[in-house]
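Structure first, commentary second.
The values are calculated or read from the model by the stated rules, or taken from the named source; none is laboratory data. All figures in this text were calculated on a predicted structure; none of them were measured in a lab. No Cβ is skipped: glycine too gets one built from the backbone with ideal geometry, and neighbour counts run over all protein chains shown. These accessible areas exclude ligands, DNA and RNA; they are computed on the full protein's heavy atoms, side chains included. Shrake-Rupley method; radii C 1.70, N 1.55, O 1.52, S 1.80 Å.
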Amino acid sequence: MKSSAEFKQLYAAKTPASRKLSERARQTLPAGVVANVKYFAPYPLFMQRAVGSHLWDVDGNEYIDYCLAFGPLILGHGHPAVVRAVAESLATWGTTIFGTPNELEIQYAEKLMSMLPITGKVRLTNSGSEATYLALQLGRAATGKPAIARFEGHYHGWYYEGVLSNTPRAADYGDPDRPTSVAGSRGTPAYILENTLVLPFNDLDACSKLLTANRDRVGTVIVEPSPRAFYQTDPAFLEGLRALTRELGMVLIFDEVMSGFRSGPQGAAGIFGVEPDLMVLGKIIGGGFPVGAVAGREDLLDLTSPLSSGGSVFHSGTFNGAVQVLAAGLATLDILSDESQMRPFYEATEAFKAGIRHLLTAHHIPGHVAGLGANFGVIMSETPIRNYRDLARENGAMREAFDFACLTEGIYVHPHKPFYTSLAHSAQDYEATLRKLDQIFAAIS
Ligand SMILES: Cc1ncc(COP(=O)(O)O)c(C=O)c1O
């Protein structure tokens, strides 16, 4: 069995130019990165070219890309329809941003809403983080209650307003074994933690008890309905959560920044047939440009309106609705709404996942391929994964060896992160990847 240390040595031997750039970057950028998610030890790869499903790093190594910028690039890098739409938008509109309303915004909103399994209105932002922030504000404003509930291990953005308080408070559970440290980020004020209730996923009884006990202060519940591509959602749990929040008069937010259009054509809400009050989107809907959106109940969205009687929830943004974002997004949405292109894509991804499952079994590796649609995790664990705590039991050493073996074999996955696929991935890409995974599983088992 080859260890992660051996694969890391190989990684270092193949990527000296990345190491050098990382050392240089650290002089001006903390850890040499502009976003924490881009970092991994000992240093991340520096890419310099991308075509479709392939990447090349600064040492000239070629990779099949299964990260796709953490999800947005469902059409692959530089899809011709997106490139054309962006170039044409500059010629047609003559600018990158008007700072006034324009018709493209209406076209985009109409198209997006026509594709979602919910009705109502939509607001645009520049990122998923901004969009979840707005959705939480709407929940607080509508219910008048200061606290939010979120699920342990789910991710909703980088800001600390409750969304980074990951670990439940022992006091909430009455359980002395639960750790009491709660902040996911330094500098989080105590009032934020006091106004954040952390729930266990896939456990309706516990959610019912906790939400009922806190109904006077909690008005908003945010959840990833298909979380992190690392574990499966129990459909009855999601239905139960919907019924429970409705009964308690709480606003239910589905954060589909990751799962929207990746789980399936209508996101997890469509797959499970459960309608949230608000649906948050991002990543894919900008066609590779920065974007976020909050869609759903008209009465909630209309709280942002400056015309709102009783005062509005203030929401703004210089770059909201920038022309190229909308043009690239519309070109992407057009393809996403074309079933003749999407069905074969989802089918090819399922076949690829089945191929990985088959290899895990063949090599007697205790593991799962979890997650809906075109975003899935390969988890090295004997036990079924139902929530974040189960995930902590993963065989970390084997997973690390797997990650670095993939990188040295030309399969680009960001360590500890899931796989993403795109329409640009060809049958040859999947075949080549499965051949390499066969060797990798043989080496690490
Ligand atoms: C489920 C979920 N919500 C919110 C976000 C934050 O989005 P952004 O990185 O665009 O701010 C992410 C990012 O990965 C996400 O996966």
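Numbers below:
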{"read-out": "Among the candidates Gly264, Gly240, Gly249, Gly287, residue that is farther than 18 Å from Tyr388 by Cβ, without any contact (Cβ under 8 Å) to a residue 40 or more places away in the chain and small (Gly, Ala, Ser)", "value": "Gly240"}
{"read-out": "Given (1) within 16 Å of the ligand (Cβ to nearest atom); (2) in contact with a Ser or Thr (Cβ under 8 Å, 6 or more places away or on another chain); (3) of a type outside the set (Asp, Glu); (4) under 18 Å from Asp299 (Cα atoms), number of the condition Leu278 does not satisfy", "value": "(2)"}
{"read-out": "Residues being more than 12 Å from the ligand (Cβ to nearest atom), buried (at least 24 other Cβ atoms within 10 Å of the Cβ) and small (Gly, Ala, Ser) - total across the range 250-275", "value": "1"}
{"read-out": "Test: residue in the range 427-444 that is assigned to a loop (DSSP other than H, G, I, E, B) and open to solvent by 30 Å² or more (accessible area, probe 1.4 Å)", "value": "no"}
{"read-out": "Every residue from the range 47-56 that is open to solvent by 50 Å² or more (accessible area, probe 1.4 Å) and either outside any strand (DSSP E or B) or closer than 17 Å to Lys20 by Cβ (or both)", "value": "Met47, Gln48, Trp56"}
{"read-out": "Any hit, the range 17-27, residues being open to solvent by less than 40 Å² (accessible area, probe 1.4 Å), of a type outside the set (Asp, Glu), over 26 Å from Ala432 (Cβ atoms) and not assigned by TED's automatic domain parsing to the domain that holds Gln428", "value": "no"}
{"read-out": "Single residue of the range 223-249 satisfying the filter (within 16 Å of the ligand (Cβ to nearest atom) and among the aliphatic types (A, V, I, L, M)) that is farthest from Glu194 (Cα to Cα)", "value": "Ala229"}
{"read-out": "Qualifying positions in the range 233-244 - assigned to a loop (DSSP other than H, G, I, E, B) and buried (at least 16 other Cβ atoms within 10 Å of the Cβ)", "value": "Thr233"}
{"read-out": "Some residue of the range 95-104 being open to solvent by 30 Å² or more (accessible area, probe 1.4 Å), within 16 Å of the ligand (Cβ to nearest atom) and touching a residue at least 24 places away in the same chain (Cβ under 8 Å)", "value": "no"}
{"read-out": "Condition check for Gly78: without any contact (Cβ under 8 Å) to a residue 12 or more places away in the chain and surrounded by fewer than 21 Cβ atoms within 10 Å (Cβ to Cβ)", "value": "no"}
{"read-out": "Residue under evaluation Gly296, criteria (1) open to solvent by less than 10 Å² (accessible area, probe 1.4 Å); (2) within 27 Å of Leu423 (Cβ to Cβ), criterion not met", "value": "(2)"}
{"read-out": "Exclusive hit being surrounded by fewer than 21 Cβ atoms within 10 Å (Cβ to Cβ) and within 16 Å of the ligand (Cβ to nearest atom), set Ser129, Ser114", "value": "Ser129"}
{"read-out": "Among residues of the range 384-410, those that are out of contact with any helix residue (DSSP H, G or I) (no Cβ under 8 Å at 6 or more places or on another chain), open to solvent by 10 Å² or more (accessible area, probe 1.4 Å) and either without any contact (Cβ under 8 Å) to a residue 24 or more places away in the chain or in a loop (DSSP other than H, G, I, E, B) (or both), counted", "value": "7"}
{"read-out": "Residue check, Thr220 within 16 Å of the ligand (Cβ to nearest atom), at pLDDT 90 or above, not basic (Lys, Arg) and not in a loop (DSSP other than H, G, I, E, B)", "value": "yes"}
{"read-out": "Residue in the range 276-284 that is part of a loop (DSSP other than H, G, I, E, B) and open to solvent by less than 10 Å² (accessible area, probe 1.4 Å) present", "value": "yes"}
{"read-out": "Matching residues, the range 325-359, being open to solvent by 20 Å² or more (accessible area, probe 1.4 Å), outside any loop (DSSP other than H, G, I, E, B) and of a type outside the set (A, V, I, L, M)", "value": "Asp334, Glu339, Ser340, Gln341, Arg343, Pro344, Tyr346, Glu347, Glu350, Arg357, His358"}
